[in-house]
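Undergrad: Mind having a look at this structure? Questions to follow.
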Amino acid sequence: MVSRERIIEAAARVYSKHGFRGATTRLIAIEAGVNEVTLFRTFGSKGALLEAVLTEKDSQLDWPSLPLEPDDVEAELVAWVTDALSALRVLRPLLAHTTSEVEERPEAAKFACEGRHFAHDQVSAWVTALQHQGRADRNIDLRTSVVMFVSAMMGDVMGRPMIPDAYPPLEDAPTAYVRCFLRMIGAHDAAKLNTSHPAHR
């Protein structure tokens, strides 16, 4: 008996190559090594199958977490960006197709946007904690700053394969993005901004 997971993985590979319209049930069935009747018996429709693909991939996205209380500011954020970029690059083909289909398919919109919302909320909470510690400017436009930072990450994931020369070298990118962001929020030299903070005594 063919497992549901095997069909989902096959559908994910086909969808990553062809998008929703190009990912026919025939191609998915061939990739999974089953007949189309099995697909419809298991999922009901192509739309339901591809929604299951996005739900499965969304649950597999292992987003890193930022600490609730910032300590080593640059190191923490560089590690977070490095892990986030690695996770997102794995999903780039799916993200590319779902982003192009958000207007016509609500389930695609959820997959395409959920990671960005999660990242935005995490970084916003981290910066707010940094402000409460007196280690970042309390007067910054937090929403705009975080949007620009997260957008730089997403732009790297989606755009680097097409225009690699427009981006910092792959190994330097996390540190480059973080240092620009820390300057933006007034924390580019956080260790010296508030030497009385317990972590820096």
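Laboratory data are not the source of any read-out in this text; all were calculated from the coordinates shown. Predicted, not measured: the structure shown is a model, and the values here were computed from it. Cβ atoms come from the backbone with ideal geometry, glycine included; neighbour counts cover every protein chain shown.
Undergrad: Across bins of 5 angstrom width beginning at 0, how are the C-alpha pair distances of the stretch 1-93 distributed, in whole percent?
TA: 2, 13, 21, 17, 12, 9, 8, 7, 6, 4, 2, 0
Undergrad: To continue, here is another question. Could you work out how far helix 142-159 tilts from the main Cα principal axis of the chain, as a 0 to 90 degree angle to the nearest 10?
TA: 50
Undergrad: Assuming R0 = 22 Å, can you tell me the calculated FRET efficiency for the pair D71 and T175, based on Cβ-Cβ distance, to the nearest 0.05? Write down the numbers at each step before the final one.
TA: Working: r = 18 Å, r/R0 = 0.80.
According to the calculation, E is roughly 0.80.
Undergrad: Kirkwood hydrodynamic radius, computed over distinct alpha-carbon pairs, for the stretch 69-123: how many Å, to one decimal?
TA: Over the stretch 69-123, the inverse of the mean reciprocal pair distance is 12.5 Å.
Undergrad: What nm value, rounded to one decimal, do you get for the distance between D137 and I30 when each label is placed 7 Å out toward the C-beta?
TA: Rounded to a tenth, the inter-label distance reads 5.7 nm.
Undergrad: Can I ask one more? Tell me, what does the Kirkwood hydrodynamic radius of the chain come to in angstroms if you use every pair of distinct C-alpha atoms?
TA: Radius from the Kirkwood sum: 18.8 Å.
Undergrad: Find the lysine pairs in the chain meeting two conditions, Cα atoms under 24 Å apart and a separation of 8 or more places or different chains, and report how many there are. Spell out each step's value before the answer.
TA: Working: K17/K46; K17/K57; K17/K110; K46/K57; K46/K110; K57/K110.
Value for the chain: 6.
Undergrad: Identify the GluC sites (Glu not before Pro) of the stretch 65-135 meeting these criteria: DSSP loop state and at most 13 other C-beta atoms within 10 Å of the C-beta. Don't jump to the answer; show the numbers that get you there.
TA: Details: sites: E74, E76, E101, E103, E104, E107, E114; in loops: E101, E103, E104.
Those satisfying the criteria are E103, E104.
Undergrad: If you don't mind, there's one more thing I want to ask. Using helices alone, what [θ] at 222 nm do you get for the chain, with -39,500 (n - 2.57) per DSSP H run of 4 or more residues, divided over all residues and rounded to the nearest 500? Don't skip to the answer; put the middle values down first.
TA: Details: 10 runs with 138 residues, N = 201.
Computed ellipticity for the chain at 222 nm equals -22000 deg cm²/dmol.
Undergrad: From the phi of every residue in the stretch 125-138, what ³J(HN,Hα) in whole Hz does the Karplus formula 6.51 cos²θ - 1.76 cosθ + 1.60 yield, where θ is phi - 60° and glycine or proline is x?
TA: So the Karplus estimates, Gly and Pro as x, are 5, 5, 5, 4, 5, 5, 5, 5, 7, x, 10, 8, 5, 6 Hz.
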